[in-house]
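The values are calculated or read from the model by the stated rules, or taken from the named source; none is laboratory data. All figures in this text were calculated on a predicted structure; none of them were measured in a lab. Methodologically, a virtual Cβ is constructed for each residue, glycine included, from the backbone with ideal geometry; neighbour enumeration extends over all protein chains shown.
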Amino acid sequence: MGRVRKILTIFGTRPEAIKLFPILHALEGDARFTSCICVTGQHRGLLDQVLEFAKIRPHHDCDVMTDDQSLDELTATLLTCVGHVLDEEKPDLVVVQGDTTTAMVSALAAHYRKIAIVHVEAGLRSGSLAHPWPEEANRSIITRLATIHCCPTRRAADALRSENVPHQTIHLTGNTVIDALYWTQDRLAGRGGSSDAFREALQRFAGRRHIGVTCHRRESFAEGIVRVVEAVGQLAHRPDVGILFPVHPNPNVRGIVRERLSPCENVALLEPLDYPDFCRLLDACDLMLSDSGGVQEEAPALGTPVLVLRETTERPEAIEAGGAILVGTDTQRIVAETNRLLDDRSAYAAMARAVSPFGDGRAAQRIVELLATA
Ligand SMILES: CC(=O)N[C@H]1[C@@H](OP(=O)(O)OP(=O)(O)OC[C@H]2O[C@@H](n3ccc(=O)[nH]c3=O)[C@H](O)[C@@H]2O)O[C@H](CO)[C@@H](O)[C@@H]1O
């Protein structure tokens, strides 16, 4: 056997943890690697929920989150903290995922030390630096620095080729979010839901059509969220629906949502659900309204149609496959599309039947094989 490679995986938010835990599980039992884990704590509570469920024990925790932190402060603090960890661990490879500030800064810190960088979920592009902001810029910066690009779809791989990324560094792996979803589904059967409020809402809404909502993107703060919340308020007048809305902790979201929707009998405002409960919600819902990247990938894999509350998406595959529709944040459009899907059985069935384009649940193993040869 060749030399054991030291892999340092760095992440800081809930969606990164979800998409990286399948790789961390695969590395754990593989004698070709020493796996070292650094979390930055860019999202604290939401991140810790996933670590606990997936039984991931980080070796380093930068714990950078403070209230109302600016992107400048976050970036500067992350660069220093991650730099210290890299100097201490001296890994052969650094793995980052997606497009968060943690991922971009960690790639930069690794580049400063001439350490090879593996980018998981490479090649996503919305084509607009303003949507999603700042993630679209983070994606491009990581692409320029990474040495191995693990693309979730053919389209993502093509995007990198069109940007003159060397072809031999681009690999089609599928998206690890599907691995995480399948792994979690296998464990749901024997596990009771952890949120009482979620269980009660499902009971209260029994026999009705379920609509799930998540909304927290920075570029939707203020007007965008107000328009989405207004749409949800209007949909709540339908007596045949129950709306389940796990509300993101960001104060820019929480205040508006609670003020407008607390009085609505058909709306259950929930705390963010832990990942297994959220997988249950995706499965229990007839329809998702969401501006989340992960939900655009997970819901179609479960046959749950998604209305995407954004102006652009870096995941047009779900729309092309027929499982998602881009509706933006216009109140009337959201209400009209939701009503159409709830009332037109054949339009609904066509969306629910769409085939997921995001992979077969074996992306993590493909990525680990790439790490062995890098
Ligand atoms: C639009 C965009 O740029 N999004 C990026 C953002 O993720 P993304 O937009 O997916 O981030 P979210 O905070 O919406 O998290 C979504 C994930 O959290 C889970 N969930 C959601 C609500 C809840 O109550 N409980 C729960 O567990 C969902 O199952 C999903 O997997 O960072 C990801 C990680 O780098 C990238 O892949 C995405 O491209």
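State whether one or more residues within the range 288-301 are more than 10 Å from the ligand (Cβ to nearest atom) and under 18 Å from Gly359 (Cα atoms). Taking every residue of the range 288-301 in turn, at least one turns out to be more than 10 Å from the ligand (Cβ to nearest atom) and under 18 Å from Gly359 (Cα atoms). Checking Leu273 against (1) within 27 Å of Tyr348 (Cα to Cα); (2) out of contact with any Asp or Glu (no Cβ under 6 Å at 6 or more places or on another chain); (3) more than 12 Å from the ligand (Cβ to nearest atom), only one condition comes out false. Which one? So the condition that Leu273 fails would be (3). Only one of Arg310, Arg333 is in contact (Cβ under 8 Å) with a residue 60 or more places away in the chain, of a type in the set (Lys, Arg) and either more than 10 Å from the ligand (Cβ to nearest atom) or over 26 Å from Arg191 (Cβ atoms) (or both); which? It is Arg310. Among the criteria (1) assigned by TED's automatic domain parsing to the domain that holds Ala17; (2) of a type in the set (Ser, Thr, Tyr); (3) surrounded by 12 or more Cβ atoms within 10 Å (Cβ to Cβ), the one Ser162 does not fulfil is (3). Please go through the range 344-360 and give me each residue that is surrounded by fewer than 20 Cβ atoms within 10 Å (Cβ to Cβ) and either closer than 30 Å to Arg32 by Cβ or not hydrophobic (A, V, I, L, M, F, W, C) (or both), ordered by number. Asp344, Arg345, Ser346, Tyr348, Arg353, Asp360 - these are the residues of the range 344-360 that are surrounded by fewer than 20 Cβ atoms within 10 Å (Cβ to Cβ) and either closer than 30 Å to Arg32 by Cβ or not hydrophobic (A, V, I, L, M, F, W, C) (or both). For the range 242-276, taking the residues that are acidic (Asp, Glu) and more than 19 Å from Glu16 (Cβ to Cβ), the one that is surrounded by the fewest Cβ atoms within 10 Å (Cβ to Cβ) is identified as Glu265.
The number of residues in the range 29-56 being surrounded by 14 or more Cβ atoms within 10 Å (Cβ to Cβ), farther than 22 Å from Pro91 by Cα and among the small types (Gly, Ala, Ser) comes to 1. Of the residues Ile7, Ile18, only one is under 19 Å from the mean Cα position of the chain (by Cα) and either part of a strand (DSSP E or B) or closer than 24 Å to Asp360 by Cα (or both); which? After ruling out the rest, the residue left standing is Ile18. The set of residues in the range 132-145 that are touching a Ser or Thr at 6+ places or on another chain (Cβ under 8 Å) and assigned to a loop (DSSP other than H, G, I, E, B) comprises Pro132, Pro134.
Please specify each residue of the range 162-195 satisfying the condition of being more than 24 Å from the chain's Cα centre (by Cα) and either more than 30 Å from Gly127 (Cβ to Cβ) or within 14 Å of the ligand (Cβ to nearest atom) (or both). Once the filter is applied, which keeps residues that are more than 24 Å from the chain's Cα centre (by Cα) and either more than 30 Å from Gly127 (Cβ to Cβ) or within 14 Å of the ligand (Cβ to nearest atom) (or both), the range 162-195 yields only Gly190. Figure legend. Inter-residue proximity from the range 257-284: first residues in contact (Cβ under 8 Å) with a residue 24 or more places away in the chain and farther than 12 Å from Ser194 by Cβ, second residues assigned to a loop (DSSP other than H, G, I, E, B) and among the charged types (D, E, K, R), beta-carbon distance below 9 Å, spacing 6+ or different chains. Indicated pairs: Asn266/Arg208; Asn266/Arg238. Out of curiosity, is Ala146 under 27 Å from Tyr275 (Cβ atoms) and more than 20 Å from the chain's Cα centre (by Cα)? In short, yes. Residues in the range 57-105 that are surrounded by 19 or more Cβ atoms within 10 Å (Cβ to Cβ) and part of a loop (DSSP other than H, G, I, E, B): Pro58, Cys62, Val64, Pro91, Gly98, Asp99, Thr100. Going residue by residue through the range 198-211, is there one that turns out to be outside any helix (DSSP H, G or I), of a type in the set (Lys, Arg) and surrounded by fewer than 16 Cβ atoms within 10 Å (Cβ to Cβ)? Scanning the range 198-211 turns up at least one residue that is outside any helix (DSSP H, G or I), of a type in the set (Lys, Arg) and surrounded by fewer than 16 Cβ atoms within 10 Å (Cβ to Cβ). Ser262 satisfies every condition listed in (1) farther than 30 Å from Glu314 by Cα; (2) near the ligand (Cβ under 8 Å from one of its atoms); (3) hydroxyl-bearing (Ser, Thr, Tyr) except (2). Checking the range 220-242 against the condition returns no match, with no residue being of a type in the set (A, V, I, L, M, F, W, C), under 19 Å from the mean Cα position of the chain (by Cα) and at pLDDT 95 or above. Residues in the range 233-250 that are part of a helix (DSSP H, G or I) and without any contact (Cβ under 8 Å) to a residue 60 or more places away in the chain: 1 in all.
The residues in the range 139-194 that are of a type in the set (Asp, Glu) and touching a residue at least 40 places away in the same chain (Cβ under 8 Å) can be counted, and the count is 1.
Taking the criterion of being surrounded by 22 or more Cβ atoms within 10 Å (Cβ to Cβ) and of a type outside the set (A, V, I, L, M), the residues of the range 295-309 that qualify are Gln296, Glu297, Glu298, Pro300, Thr304, Pro305.
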